[in-house]
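K.L.:
First the structure, then my questions, so here it is.
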Amino acid sequence: MRDNKYYLFDFDGTLADSVDFCLAVFNKVFAEFMGDKAPDTEEIYQNFGMNEPGVIRFFMGQENPDAENDFYGFHRALHPEMCSEPFPGVIGLLDFLKSKGIPM
């Protein structure tokens, strides 16, 4: 039996320099929905590791579909200007792994 091997990558800070971009998106959402009770950037950063809805729920205390939808809307809007490309060499690495038939 063949061992199946997969290569998994975290995106933020691994494949692309996206940390500032993510923080900017979270800041927009929290400012809109929490006003002066919004967490500061450092508090948000300390809770990276959860998925995006998890971070929103952590600070808002509950599920908030409107905040989550706005997060993804802001994400789409800011992505082209703030995180348009991966780190140098990443595309070549991914193409190489793909050419070897390695599932990612």
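The values are calculated or read from the model by the stated rules, or taken from the named source; none is laboratory data. Quick caveat: nothing in here was measured; it's all calculated off a predicted structure. Don't worry about glycine lacking a Cβ; one is built from the backbone with ideal geometry, like all the others, and counts go over all protein chains shown. What goes into the accessible areas is simple: the full protein's heavy atoms, side chains included, and nothing from ligands, DNA or RNA. Shrake-Rupley method; radii C 1.70, N 1.55, O 1.52, S 1.80 Å.
K.L.:
Just need a number here: residues in the range 42-85 that are small (Gly, Ala, Ser) and in contact (Cβ under 8 Å) with a residue 24 or more places away in the chain. Walk me through it before giving the result.
P.N.:
Applying the first criterion (small (Gly, Ala, Ser)) to the range 42-85 yields 49, 54, 61, 67, 73, 77, 84.
From what's left, in contact (Cβ under 8 Å) with a residue 24 or more places away in the chain: 67.
Total meeting the criteria: 1.
K.L.:
Anything in the range 1-46 that is in contact with a Pro (Cβ under 7 Å, 6 or more places away or on another chain) and either closer than 30 Å to Lys98 by Cβ or assigned to a loop (DSSP other than H, G, I, E, B) (or both)? List them, or say none.
P.N.:
Taking the range 1-46 and keeping what is in contact with a Pro (Cβ under 7 Å, 6 or more places away or on another chain), we get 6, 15-16, 30.
Across the range 1-46, the qualifying residues are Tyr6, Leu15, Ala16.
K.L.:
Assess whether Ala67 counts as being small (Gly, Ala, Ser) and in contact with a helix residue (DSSP H, G or I) (Cβ under 8 Å, 6 or more places away or on another chain).
P.N.:
Yes.
K.L.:
In this structure, does Pro86 turn out to be touching a strand residue (DSSP E or B) at 6+ places or on another chain (Cβ under 7 Å) and modelled with pLDDT under 95?
P.N.:
yes
K.L.:
Got a number for residues in the range 14-31 being over 19 Å from Glu81 (Cβ atoms) and modelled with pLDDT of 95 or more?
P.N.:
1
K.L.:
In the range 62-74, which residues are open to solvent by 70 Å² or more (accessible area, probe 1.4 Å) and either in contact with a strand residue (DSSP E or B) (Cβ under 6 Å, 6 or more places away or on another chain) or assigned to a helix (DSSP H, G or I) (or both)?
P.N.:
Going residue by residue through the range 62-74, those that are open to solvent by 70 Å² or more (accessible area, probe 1.4 Å) are 62-63, 65-66, 69, 72.
Pro65, Asp66, Asn69, Tyr72, listed by residue number.
K.L.:
For the range 77-101, give me each residue that is part of a helix (DSSP H, G or I) and farther than 18 Å from Leu15 by Cα.
P.N.:
Answer for the range 77-101, where residues must be part of a helix (DSSP H, G or I) and farther than 18 Å from Leu15 by Cα: Ala77, Ser99.
K.L.:
Of the residues that make up the range 52-61, is at least one of a type in the set (Val, Ile, Thr), over 29 Å from Tyr6 (Cα atoms), part of a helix (DSSP H, G or I) and in contact with a Phe, Trp or Tyr (Cβ under 9 Å, 6 or more places away or on another chain)?
P.N.:
Scanning the range 52-61 turns up at least one residue that is of a type in the set (Val, Ile, Thr), over 29 Å from Tyr6 (Cα atoms), part of a helix (DSSP H, G or I) and in contact with a Phe, Trp or Tyr (Cβ under 9 Å, 6 or more places away or on another chain).
K.L.:
Go through the range 1-59 and report how many residues are surrounded by 11 or more Cβ atoms within 10 Å (Cβ to Cβ) and polar (S, T, N, Q).
P.N.:
Total meeting the criteria: 5.
K.L.:
What about Met104, is it more than 19 Å from Phe21 (Cα to Cα), touching a residue at least 60 places away in the same chain (Cβ under 8 Å) and of a type outside the set (Asp, Glu)?
P.N.:
yes
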